[in-house]
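The values are calculated or read from the model by the stated rules, or taken from the named source; none is laboratory data. Note that the coordinates shown come from a computational prediction; the quantities given were computed from them, not determined experimentally. Cβ placement follows ideal geometry from the backbone for every residue including glycine, while neighbour counts extend to all protein chains displayed.
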Amino acid sequence: ENHSFLPLRLLTANSWGQRQIFKDKQFYETLIFLKLIKRIKSHIFCWCKYFLFANFFQDVSKCMSLPMDIRLPPEFLKKLQLESENSPLCKPHSRMSRRASLSDIGFGKLETYVKLGKLGEGTYATVFKGRSKLTENLVALKEIRLEHEEGAPCTAIREVSLLKNLKHANIVTLHDIIHTDRCLTLVFEYLDSDLKQYLDNCGNLMSMHNVKIFMFQLLRGLSYCHKRKILHRDLKPQNLLINDKGELKLADFGLARAKSVPTKTYSNEVVTLWYRPPDVLLGSTEYSTPIDMWGVGCILYEMATGRPLFPGATVKEELHLIFRLIGTPTEETWPGISSNTEFRSYLFPQYRPQALLNHVPRLDTEGIDLLSALLLYDTRSRISSEAALRHPYFLSMGDNIHNLADSKTHNTHPLLRSHCKSPSGVLGVHRYYHPL
């Protein structure tokens, strides 16, 4: 016999109960194939079991970046030291062991945080001031109520999915996620105030130096988002948080969207009415990063004057206020507007554009130019966040501000002057430092 396939001795006692020598090549290959299928099925079962019973939100929370100044409990550090001493080889911990270690410390557990008081309440969530037992740092606990039938609101899912990938000094940090049967708790870094409260404390008369500093930080955080094709879609003073160091950070990404396709269609029910651009007010659902830049212009005006730019109560009133200041749009200022059915149905008067300098006398020439570039009707001409950062309005801040790492702040700049003048002219009590 001419054997092209040599007989091999296989130890198959565990599966067949005895040792056999197989001379038949076809039978041998069939056996090997069956054993391979059996092993694959075993692996598939293990993975399915893991994904079905693993806690999704705890897994996601372990992907969060921990605070830079975290201090682990001494007993846990001692445990790690003993484990490393007893181990014969200094092998790195597996991903599963690292997750288990974080769970042992207290991440992903509600009892790790102490509530200190309520900060606010909305439709879906309640925000509490809290303290971490691990780091002793203050945190903001955003408790999102879970409905048994609907589950977590889509705004919460958006916020979690976007914030876990946004790591920037001018974007609020998501430290932890806690999932229970009744609620989903997002643990954020704590900031003392927001821009709306800051303006109120200033008697609506903010120092123009502070206006420039806050404006730069807003654009810096927004540029980071826009480079990653993320639209905030809800910019307003209440969503710009400020800490005692003068750091301004973008918050509340519940309406944010990840924009990957240029022609993607979205909902037009976004952005608080006062900060909503006219293209969205007129029903446009095809928009991109310029939607946020209009809101930036409204915020710049509000910081410089102490009053909202377009405080309309309805969509029609909002458009009327916009057209009365900037002028009723034409084909020259807004190509294609004449074919917009919503615009034609309102029958607005033909207003002529007014000089912005007469409405914002505290802004210098460069500031007026930046404001005008932000409030353009044509979205293709509206200035981008990256271009706005390079605008001459910020030249007085120096060149080093453009070389900062995304996660870094710089405190060598002169004191961020908090000339918050009350109506009586007395300086306010807040003293914020320049975080750049």
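Taking the residues in the stretch 271-328 that are at pLDDT 95 or above and polar (S, T, N, Q) as candidates, determine which candidate is farthest from the chain's Cα centre (by Cα).
Thr328
Of everything in the stretch 186-228, what is in contact with a Lys or Arg (Cβ under 7 Å, 6 or more places away or on another chain) and more than 19 Å from Arg362 (Cβ to Cβ)? Give them in sequence order.
Of everything in the stretch 186-228, those that are in contact with a Lys or Arg (Cβ under 7 Å, 6 or more places away or on another chain) and more than 19 Å from Arg362 (Cβ to Cβ) turn out to be Leu186, Phe188, Tyr190, Leu191, Gly221.
Kindly check whether there is at least one residue in the stretch 356-366 that is polar (S, T, N, Q), assigned to a helix (DSSP H, G or I), under 13 Å from Gly297 (Cβ atoms) and modelled with pLDDT of 95 or more. Write out each step before concluding.
In the first step, residues of the stretch 356-366 are kept if they are polar (S, T, N, Q); the result is 358, 365.
Still in the list and also assigned to a helix (DSSP H, G or I): 358, 365.
Among the residues that remain, those that are also under 13 Å from Gly297 (Cβ atoms) are: none.
No: zero hits.
List every residue pair whose Cβ atoms lie under 7 Å apart, where the two residues are 6 or more positions apart in sequence or sit on different chains, the first residue falls within the stretch 151-165 and is surrounded by fewer than 18 Cβ atoms within 10 Å (Cβ to Cβ), and the second residue, located anywhere, is modelled with pLDDT under 75 and of a type in the set (Gly, Ala, Ser).
From the stretch 151-165, the pairs are Arg158/Gly254; Arg158/Ala256.
Checking Leu347 against (1) modelled with pLDDT under 95; (2) on the phi > 0 side of the Ramachandran plot; (3) surrounded by 15 or more Cβ atoms within 10 Å (Cβ to Cβ): exactly one of these is not met. Which one?
Failed condition: (3).
Only one of Leu110, Leu80 is touching a Ser or Thr at 6+ places or on another chain (Cβ under 9 Å), surrounded by fewer than 19 Cβ atoms within 10 Å (Cβ to Cβ) and at pLDDT 75 or above; which?
Working: Leu80 fails: at pLDDT 75 or above.
From the options Leu110, Leu80, the qualifying one is Leu110.
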